[in-house]
1. For segment 175-192, which residues satisfy the criterion of being out of contact with any helix residue (DSSP H, G or I) (no Cβ under 9 Å at 6 or more places or on another chain) and either part of a loop (DSSP other than H, G, I, E, B) or at pLDDT 65 or above (or both)?
2. When you go through A220, A228, A237 one by one, which is the residue that is small (G, A, S), surrounded by 15 or more Cβ atoms within 10 Å (Cβ to Cβ) and modelled with pLDDT of 95 or more?
3. Determine which single condition Q208 fails, assuming it passes every other condition in (1) modelled with pLDDT under 90; (2) touching a strand residue (DSSP E or B) at 6+ places or on another chain (Cβ under 8 Å); (3) more than 17 Å from Y146 (Cα to Cα).
4. Give the residue that is farthest from K195 (Cα to Cα), with candidates limited to residues of segment 240-253 that are out of contact with any Asp or Glu (no Cβ under 8 Å at 6 or more places or on another chain), surrounded by fewer than 21 Cβ atoms within 10 Å (Cβ to Cβ) and not hydroxyl-bearing (S, T, Y).
5. Residues of segment 222-244 being within 18 Å of the chain's Cα centre (by Cα) and in a loop (DSSP other than H, G, I, E, B), which ones?
6. Enumerate the pairs (first residue in segment 80-94 and closer than 11 Å to M134 by Cβ; second residue anywhere and part of a loop (DSSP other than H, G, I, E, B)) with beta-carbon separation below 6 Å, excluding pairs fewer than 6 apart on the same chain, so at least 6 apart or on different chains.
7. Residues in segment 55-99 that are under 12 Å from the mean Cα position of the chain (by Cα), at pLDDT below 90 and of a type in the set (A, V, I, L, M, F, W, C): how many?
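The values are calculated or read from the model by the stated rules, or taken from the named source; none is laboratory data. What you see is a predicted model; the values in this text were computed from it and never measured. Reconstructed Cβ throughout: ideal geometry from the backbone, glycine too, with neighbour counts over all protein chains shown.
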Amino acid sequence: MIKDLLKSAWYNATNNLVTPPETVNNKYAERTEYIIPHELMFAINDIDKYCDRHDMRGWLPAGISLWNYIKHEERKGNIHSGQSVLEFGAGSYSSTLTWSFEGYPITGIEYLENLVDKSLKILPEYSQLQKDPMKVIKGSYYPKEYVKERDAGMHTDIIALEREEMRGHGQGFIDEHFHPVCYKDVYQENNISMKDFDIFFAYMWHYQCPSVYDMFRKYARDDAVMLAIGPRHTEIAKKMGLKTSPGSHIIRK
């Protein structure tokens, strides 16, 4: 069900109204409702069902709630269509499709090969919804340079603290995020750099936040922003010296 997808947003299935999560959880925020286009809603729902049928590990249903966040941040003047987006962990690429539908040229990077291969089989069915270029890259979003520095023991302060907190979630899974392995450099292979992008997007658990924020802080342009969704992302961003704003999921240097 569509409503099951919206774990962080309020959705009225009768008239397709979506309310920004901030307006649900913050009584002082201005209540605003956006109408999600039917064609995008049904595409995301179809991708959702496809992922469920194929038991695609690592997938998160981010598309509809993401559309809500995009409209909210546009209204606040933090982002605008035409800006380029780099997505860390694109999953089923429903979120990538959502950015493209809203007029943002986007590059989505996903590490899980099975997830990418299966997603690429259904995405062409919705090519008409891609209003701006949408590039799909299979591989790790960690640059080789970053992995080398991490292996050398750099960037360990906040990361070590978060890793200690997450021991109960399974050490192998934690190591995947805190000691990333980069088999190839997708940035070099695709002739792109993090400095090429205006917006960075990640739908992440809090144990992923330190490394993602660390890369954003180190490699993004000073005028770039990050749209971050997930538990404790604001708290961790502040710990790492990044800038946050009330009623917004935008992170700045």
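1. Y183, V186, E189, N190, N191
2. Unique residue meeting the criteria: A220.
3. Just one mismatch for Q208, condition (3).
4. Per the stated criteria, the residue is P246.
5. A224, G230, P231, R232, L242, T244
6. V85/Y104
7. Residues meeting the conditions: 6.
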